[in-house]
Amino acid sequence: EKSVYQKGLQYERPPFTFHAHEWERQASAQMSATSKGYVIGNAGTGETARKNRDAFQRWSIVPNRLVRTEDLPDLSTKVLGQELQFPIAAAPVGVQRIFNPDGEVAAARAAAENNVPYILSSAASASIEEVAEANGDGTRWFQLYWPKNDDEEVTVSMLDRAKKAGYTALVVTLDTYILGWRPSDMDNGYNPFLRSDQIGTAIGLTDPVFRRRFKEAHGVEVEAEMGAAVAEWTRTIFPGTSHGWEDIKFLQKHWEGPMVLKGIQTVADAKKSVEVGVQGIVVSNHGGRQVDGAVSSLGMLPRIVDAVGEKVDVLFDSGIRCGADIAKALGLGAKMVLVGRPYIYGLVLGGRAGVSHVFKSLLGDLELTLHLSGIVSARPDHLNRDTLIRESD
Ligand code: FNR
């Protein structure tokens, strides 16, 4: 079994550059203004998105020498009770068909080929079942945008479908009960979820409960009133107001597997997550797309790990762009990182092969970063705060 890096060097021709910092620029040149505004766009002035990136620069890896090795480092991790070959997952990203006609299906195939878990968004442009089929034997989790209580029948329907289709964990996103203040999308007059050609609405439009309720209310099938149906689905998953902590038990009643709360940024909320009995949290600020001016996600990671790291699996996202970033987040105590925008750029630049190239690049880079730093595995006994130093404020 060859290492990720060795496999990388054997590429006859990579589909696009190995320079991770070039992916955004190259993908931008190929996207429509609306898709570009959607994926690159942040909340507000982009301050939090910049802080997400800057936070990585404050930490540095401190390489060790003469660590005798027979092999390249072990990148495996254990998350939610499952052994995984690599410590990265594809973050939930909605409406992937605006980036490539095969959208989520291509991305979920690429994820499975690379042993990277795929997290399907509630706002996906392919159905729960289609993506499961494309993902095959891969590990897949379902991300919930959580409808309000009067739509709980729809929530239960989504959870049932996900369970039946082999999604093993539920990731509940808590930071997006309404979309953030996103000037790019507003300037473009563009909300990808409201496009009436089915893009952005597949999960809703294929949901039997949503379809039945729509017919009861409007007297026609969703196909006959596509504009109204997508608007209603969008309101269903972005209801505009939030649930409370006491509502988590409703989801626990309807989901037997592990549950992860995504969007945690405070120690207090991390502790509440432990109290309500979920198995994991994702320390995330949605890539700086929700609350501009909010703290960097990496900045909050160490204290959250200190508070709850022994009690729940702490996952991380927002700003991961290269192997060193992954090493730093793991060193600060995350069990796994989610990668958002980079694999979407891969999807734009090369469909399934492009997503694969992004995962292989990030993992190959991580593998060599650890190897040349004398860190023999990505587990906390080897990759931890002793391997990092905080250089500045
Ligand atoms: C997202 N994200 C997101 N999160 C979620 O829970 N459900 C979703 O449908 C989406 N959709 C989505 C679309 C796009 C275009 C982006 C860029 C992001 C947030 C995502 O899961 C993740 O938290 C961030 O993308 C992580 O930051 P980076 O890696 O993009 O910096």
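All of the numbers you see were taken from the coordinates with simple rules; none came from a lab. Keep in mind it's a predicted model, so treat the numbers as computed, not measured. Heads up, the Cβs are rebuilt from the backbone with ideal geometry, glycines too, and the neighbour counts pull from every protein chain shown.
Worth pointing out:
- 3J(HN,Hα) along the range 120-126, derived from phi through the Karplus expression 6.51 cos²θ - 1.76 cosθ + 1.60 where θ = phi - 60°, amounts to 7, 6, 4, 9, 6, 9, 9 Hz, with x in place of Gly and Pro.
- The chain - share of DSSP beta bridges that are antiparallel (%, nearest 5): 20
- For the chain, the Cβ-based charge dipole about the Cα centre amounts to some 620 debye (Lys, Arg positive; Asp, Glu negative; other atoms uncharged).
- For residue 211, net neighbour charge (Lys/Arg +1, Asp/Glu -1) across residues whose Cβ lies under 14 Å away: -4
- FRET efficiency, 1/(1 + (r/R0)^6) with R0 30 Å, evaluated for residue 67 and residue 21 via beta carbons: 0.55
- Residue (of 297, 108, 234) at the positive-pole extreme of the range 4-385, dipole from beta-carbon charges: 297
- Taking each DSSP H run with n ≥ 4 as -39500 (n - 2.57) and averaging over every residue of the chain yields -12500 deg cm²/dmol at 222 nm.
- Rg of the Cα atoms in the chain, relative to 2.2 N^0.38 Å, amounts to 0.95.
- Note, ³J(HN,Hα) from phi for the range 234-249, Karplus 6.51, -1.76, 1.60, rounded to Hz, x at Gly and Pro: 4, 5, 5, 8, 10, x, x, 9, 9, 6, x, 4, 5, 7, 4, 5
- In order along the range 302-309, the phi-based Karplus estimate (6.51 cos²θ - 1.76 cosθ + 1.60, θ = phi - 60°) of 3J(HN,Hα) comes to x, 6, 5, 4, 4, 7, 10, x Hz; Gly and Pro are listed as x.
- Under 5 Å from the amide H of residue 336 lie the amide H atoms of 316, each residue being 5 or more positions distant or on a separate chain, with H modelled from the backbone and absent for Pro and chain starts.
- Taking amide H positions as modeled 1.01 Å from N, with prolines and chain starts lacking one, the residues under 5 Å from residue 262 and 5 or more places away or on another chain are 172, 173, 174, 282.
- Rounded to the nearest 10 degrees, the inclination of helix 47-57 to the longest alpha-carbon principal axis of the chain is 20 degrees.
- For the range 34-97 and the range 188-256, distance of Cα centres in Å: 30
- Too-long pairs where the Cα-Cα distance tops 19 Å, listed order kept, from 51/328; 148/249; 78/164; 272/328; 311/335: 78/164; 272/328
- Ranking 342, 353, 373 by Cα position along the charge dipole of the range 308-393, where only Lys, Arg, Asp and Glu carry charges on their C-beta atoms, puts 353 farthest toward the positive end.
- Ranked by the mean number of other Cβ atoms within 10 Å of their residues, highest first, the peptides 273-284, 300-311 fall in the order 273-284, 300-311.
- Note on residue 137 and residue 307: their simple-model spin labels are 4.1 nm apart, each label 7 Å out from Cα toward Cβ.
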